[in-house]
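Below is one structure; the comments refer to it alone.
The values are calculated or read from the model by the stated rules, or taken from the named source; none is laboratory data. In this text the structure is predicted, and so the values were computed from the model without any measurement. Note that each Cβ is placed from the backbone with ideal geometry, even for glycine, and that neighbours are counted across all protein chains shown. Note: accessible area is taken over every heavy atom of the protein model, side chains too, but ligands, DNA and RNA are not part of it. Shrake-Rupley method; radii C 1.70, N 1.55, O 1.52, S 1.80 Å.
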Amino acid sequence: MILSEEYLQDLFDKTFPQISSAAGCAVVLEGSIAEGFGNSSSDIDFLLIADSDADLPTMPSLLFVDGRRVEIRTRSVRQIEEQFSAVTSDRPGTAAEDLLNRCQRLLRSYPLRNPELVAKVKGLMSYDDFQTTARDWWAHAARQSIRYALTLRQLGQEQEAAAWTEAGLLQAVKSWAAGLGETYLEPKWLPEQLKRIGDHPLAARYLTLASLDASGLDAAEYVAAGARLTADLGVTGAEPGPGQITVAGAGAVTTWQTGERVHVVRGRQDVFVLGDRAARAWRSLVFGRSLEQVLAAADAAGAPQAGPLIAQFMRFGLVRAAWQGAGPIIPSMPLAAPAGDVTPPPSTARPVVVVGGAAVGGEEAVDLVPVPARRFSAAAMTLVWSNVLVENAREDLVGALDRAQWSVAQLSARRMVRFALRGVLSAHAVNPLPPDSEVVRRLSLLPAGADTDEIRAGAAELEVLTIASDDEGAAALAALDGFVALVRRATGADSFPSSFDSADGWRQTLEIGYDWLRLGAHLNADLPIDEASDLLSSGGAQPHAASA
């Protein structure tokens, strides 16, 4: 830990009167400070364990005590037993990331009150077993990311393939590190985890290939080198080979043609209309064929160089790539934007529809006919949440700069940019969001305009910034603050409160979120995080705050 036990005990003594129903609970410190990674901006994360079978809230309460931000979570022994059981019973690599994170934080926590009860609940799961679970979980994500990168490279999407290779390498090295006991999930602390592991040839190779820009390779070379290193890190099943990737159908997708116009209906609610060249590429698809065969068929059908169009079909979930003998390739980025098929902004073509079919923007267009109500509310909730995450990432950046943790600062700066761009995309009804590695490039989904053009230019510059000194850190923080201000003006969020500076700022944030959550719940829309349901059931109040 980076703080003394005496300080933590005193801080909890001051926190205790502000918590309802805390008597008799065991108390542990969990999170980055318990791991030894934290800095001056890190939360003090207390978990209270009740020796009962009660159903305690998932959502934490955020308090401000003695100049520190204190997060309070509660779990009963029954809930802990259930979360350990769920993690071990899921198929390898498929456990919910929040569940895995809660188990890891508890197993690596530091006891402050009632150590006997703490030892009892920690004894419900072997840490060796958890290491294996975490290693396999990250390996599953890495395998899918590298497979998808290889798919995109074959479709001529080399920059996107490199971005997914970067994600897959991070996941592969997290798997390798978990096998060595470094199981903390949050990727922003990977530099500190590798420092604890010490000098190792595989870690050195990863640091050389951690990003395309740092590698000195072109995009195609980078994807190939990433696939080799992924295998050397112990992640099997993503080795490239001829005929390995096939094209497969996607569930709940149907094709409807009116006159010459082709419409593709996804999930009974989203209608995509295809331009003439996109329609020829779509008609040429034969499921089960290798990607090489599919591209050749598209060429013969009058849609040469159809790779980018097929990649667009895949992004939108209209078709899938599959790995020979292993099923669909479904990449995801743990602890990033939730996985899901990308939905672009609604078409601006007018009229929306004529006798021959929906209006379309061009020969290669894959246009979405205007958005339904449920998606509108989901996008609005995500817009609010993206602003909260921007505030959180900024706190991480300030803390990292304070401690001269340059690698952590650079990761935090990138998160701040990407979270802000989640808001830009959400404001244009993009929901679910693309993965974080693609948000800069997926700004191409937005219509041209003074604000969006300026945001694109700013994002491209900030995505490659480096922080290795106090001067670079100060310049980066100023540039990021300016960029966030620009994004917020463009998305109507210029008066968004500073969520983590004070109790009043957090109260205002909850009020904004609660208004949108009520609409989303009425429409049965997806919530941005599971904990939002606790905010709904509490009527907009924090679940653990003591009454006045």
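Structural remarks
- A single entry from 177, 163 fulfils the requirement of being surrounded by 20 or more Cβ atoms within 10 Å (Cβ to Cβ), part of a helix (DSSP H, G or I) and free of Cβ contacts under 8 Å to residues at least 24 places away in the same chain: 177.
- On the stretch given as region 192-209, residues that are open to solvent by 30 Å² or more (accessible area, probe 1.4 Å), touching a residue at least 12 places away in the same chain (Cβ under 8 Å) and within 18 Å of residue 405 (Cβ to Cβ) total 4.
- When region 301-324 is limited to residues that are in contact (Cβ under 8 Å) with a residue 40 or more places away in the chain and open to solvent by 50 Å² or more (accessible area, probe 1.4 Å), the one that is farthest from residue 447 (Cα to Cα) turns out to be 324.
- Of the residues making up region 439-466, those that are of a type in the set (A, V, I, L, M, F, W, C) and free of Cβ contacts under 8 Å to residues at least 12 places away in the same chain are 448, 450, 457.
- Those residues of region 117-126 which are of a type outside the set (Lys, Arg), touching a residue at least 24 places away in the same chain (Cβ under 8 Å) and surrounded by fewer than 18 Cβ atoms within 10 Å (Cβ to Cβ), in sequence order: 124
- Some residue of region 497-512 being farther than 13 Å from residue 381 by Cα, in contact with a Ser or Thr (Cβ under 9 Å, 6 or more places away or on another chain), at pLDDT 75 or above and acidic (Asp, Glu): no
- Scanning region 325-349 for residues that are open to solvent by 60 Å² or more (accessible area, probe 1.4 Å) and part of a loop (DSSP other than H, G, I, E, B) yields 325, 330, 338, 339, 348.
- If you filter region 462-480 down to residues that are open to solvent by 60 Å² or more (accessible area, probe 1.4 Å) and not hydrophobic (A, V, I, L, M, F, W, C), you find that the one that is nearest to residue 410 (Cα to Cα) is 466.
- Members of region 437-455 found to be modelled with pLDDT under 90, within 10 Å of residue 424 (Cα to Cα) and outside any helix (DSSP H, G or I), listed by number: 446
- Cross-chain or 6+ apart pairs with Cβ under 8 Å, region 226-240 first and under 13 Å from residue 170 (Cα atoms) and in contact (Cβ under 8 Å) with a residue 60 or more places away in the chain, then hydroxyl-bearing (Ser, Thr, Tyr) and open to solvent by 10 Å² or more (accessible area, probe 1.4 Å): 229/206; 233/206
- Test: residue in region 493-501 that is under 16 Å from residue 410 (Cβ atoms) and not charged (D, E, K, R): no
- Pairs with Cβ under 6 Å, 6+ apart, first in region 519-536 and modelled with pLDDT of 75 or more, second of a type in the set (Asp, Glu) and crowded, with 16+ Cβ neighbours inside 10 Å: none
- Of the residues 360, 353, 319, the single one that is over 19 Å from residue 167 (Cα atoms) and in contact with a helix residue (DSSP H, G or I) (Cβ under 7 Å, 6 or more places away or on another chain) is 319.
- Yes/no for residue 393 being of a type in the set (A, V, I, L, M), without any contact (Cβ under 8 Å) to a residue 40 or more places away in the chain and open to solvent by 40 Å² or more (accessible area, probe 1.4 Å): no
- When region 444-461 is filtered for residues that are open to solvent by 20 Å² or more (accessible area, probe 1.4 Å) and not small (Gly, Ala, Ser), the ones remaining, listed by number, are 445, 447, 451, 453, 454, 456, 461.
- Of all the listed residues (441, 489), the sole one being open to solvent by 70 Å² or more (accessible area, probe 1.4 Å) and within 20 Å of residue 411 (Cα to Cα) is 441.
- Residue 3 being under 25 Å from residue 395 (Cα atoms) and open to solvent by less than 20 Å² (accessible area, probe 1.4 Å): no
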